[in-house]
Structure formats: structure tokens, C-alpha cells
Amino acid sequence: MLFAFPGGPAVKAAFARHLLDDRARHRQLDLVGPPPLASRLVSNAGRAYTHAMSEMQQAIPAATLVLFRDGAGAPELLFVERAKAMVFAGGALVFPGGRIDPGDHALALTLGGDPDDTAARIAAIRETVEEVGLAIGLDPALEGDMLASLRGALHAGTSFGAALLAAGAKLDIAPLVPFARWLPAHAHMRIFDTRFYLARLPHGAPDPVVDDTENVRVFWATAQSVLDDADAGRVHIIFPTRRNLERLARFASFEEAAADAARYPIRPVTPWTEEIDGLPHLRIPDDLGYPVTAELLTSALRG
């Protein structure tokens, strides 16, 4: 039996290794009456190819900031709308954020603490400056021309460390509250290992200004209003954003959200497919604080 196998030599090598491992596991089970050869080969090949692709595709470390401001009722969160041309989450509403750069790791070493967590906090702070022009986690807080100069330097390619030095500012990562970590596993998509942080908008902060590159719009809205707009088809949100908004919509203040975040471990959330009542659903664990843990696969927007 022949299989059309996409991928280069490295993928094929990983495929062969996992296929052999799968056969070894089958022998260890000492099964009586194995399934027909053709069925077994197809099943083993599929599992081995999935393992091979997972091995070859490395998750991209990223960080995002869920920014709160007090509203008349429920707190408002800051959203950006991704440009439709973007490969990841094109046209969707997301929170400000992006990849963790080598420079973020270098700065993390100067601050101490868990280097991966510290680098992620720094990336969330940097990306928020770049994408919406708000300085969170900086001492002193920058505004006006100083903030514009910092943002301009980052857009021009200056390292965050050098830009902070020129602005006379230091990092203060303590206001960022760890909230969640998502690590999806779609073999056909770009995969991000994203850490989510909560933070409160500083008093007197300027209005956000969209970068008009990766994003086309920035605005404040409550979690529930965005969920309602998504349900009505007026906006698009991807599966992790929807689950996080359902969780955040329950809180009447930043303090309540931060307290809830402290009650649960920060463990990578990797959705999986599971049949429920005869229909395929995308599921997440039920012990991490999320009120909704499954969605029909046909309606889930995966990014």
C-alpha cells in the first residue's frame, strides 16, 4: 500500500520513527486477532504523521495583555481588530500582544524571577506600547512626547532596552497579573504558546491609538458586549478569546478578575476534539476556571 507523504526528509524521518514506536506499542499490548493489515497501516500512518508534524512544528512563545478600565457598569477591556491580511487571526478581535523576542529574554535576565514569565511580561508591555501606544509597567509612567518617542523607536527597530534607556524609564512588571496560558495544537496552523496577563489602565493614561499595521482598530468594550457582537455575527473572535471573555465577563471589577486568576494554576490549555452527544466538539480542561469548556467544532474559530 502506498501513501502520499507531504514533507521533507526531516518530517519523513520523524514519521518513520513514530511509526516504528507505534508498532512496538502494538506488540506490547499482545492483542489477539489484530485488525486487518490495511486498516492497521492507515491508522498507524495517520498517528505517526500527526506525531511527526507536531515534532517538526515548534510553538512560538507569545504574550498578551488584557487591559482593564473602570466603566459605568462592568469593566471595559481593550481590544484590537487584526488586519484581514494577517496570517494569524486575520480580521478577528484580540487583546494587544505578540511574540516574545530575544531582546525580551535579555531584559528578563536583568530583573530576576522566572525568566520565561518575566520575558513574557516584558513582551506584553512592549507590544502594548507598539500596538496601541499605552505604557503599562513602566517607571516613571510615560506620556505625551516621551511616550510617542518610545513607540517611534520601537517601530523603527530599536531594541526595547535601548529605547527605555533613552526614555529614562525602567520596567516594573509587578502590575501584570498572570491569568492564563494557551497552547493550541492545530497541525495545519501556526501555533503560539501564549501567556495572558491582566493589568489595570493607569490613572491619566492617554487614549489608545492603533498602529495601522497589524491592526486596523482599537476600542474599549465590555467582555459581554463583544461576546454578544460575536454571537450576532458583527465581529469575529477565535476560540481562546471566546473562552477567556466568557470567564472575564463574570467579574464586576479588576480586583475580582485578579482574585479569580490567583485561584487557578497557570497551566497550558491545549484544546482537543471530543464527541459529545454524537457531535464533534472542541474541548478544554474543566479545572482552570472557565465556565464554558466545549464548543461545537463546526462553530469554533481556531485562528
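Since every read-out is calculated from the coordinates, none of them should be taken as a lab result. Quick caveat: nothing in here was measured; it's all calculated off a predicted structure. Backbone-built Cβ (ideal geometry, glycine too); neighbour counts: all protein chains shown.
I need the shape label for the range 228-292. Rule: rounded when a/c is under 1.5, else prolate if a/b > b/c, else oblate, with a, b, c from the alpha carbon gyration tensor.
Oblate, because a/c is 1.5 or more while a/b does not exceed b/c.
Rank by packing, highest mean first: peptides 290-301, 129-140, 270-281, with packing defined as the count of other Cβ atoms within 10 Å averaged across residues.
Working: 290-301: 14.2, 129-140: 20.9, 270-281: 12.1.
Per-residue mean Cβ counts within 10 Å order the peptides as 129-140, 290-301, 270-281.
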Ranked highest first by average number of other Cβ atoms within 10 Å, how do 176-184, 246-254, 226-234, 61-69 line up?
-> 61-69, 176-184, 246-254, 226-234
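In a shell of Cβ-Cβ distance under 13 Å around Leu201, excluding Leu201 itself, what net charge do Lys and Arg (+1) and Asp and Glu (-1) give?
Local charge sum for Leu201: -2.
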From a point 7 Å beyond the Cα of Gln58 in the direction of its Cβ, which residues of the range 146-185 have a backbone N at a distance under 20 Å?
-> 182-185
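Based on the mean of other Cβ atoms within 10 Å per residue, sort peptides 198-206, 116-124, 155-163 so the most packed one is first. Walk me through the numbers before you get to the answer.
Working: 198-206: 16.6, 116-124: 25.0, 155-163: 14.7.
With the highest mean Cβ count within 10 Å placed first, the list reads 116-124, 198-206, 155-163.
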Given a Förster distance of 35 angstrom, what is the FRET efficiency for Arg263 paired with Arg69, based on the Cβ-Cβ distance and rounded to 0.05?
-> 0.90
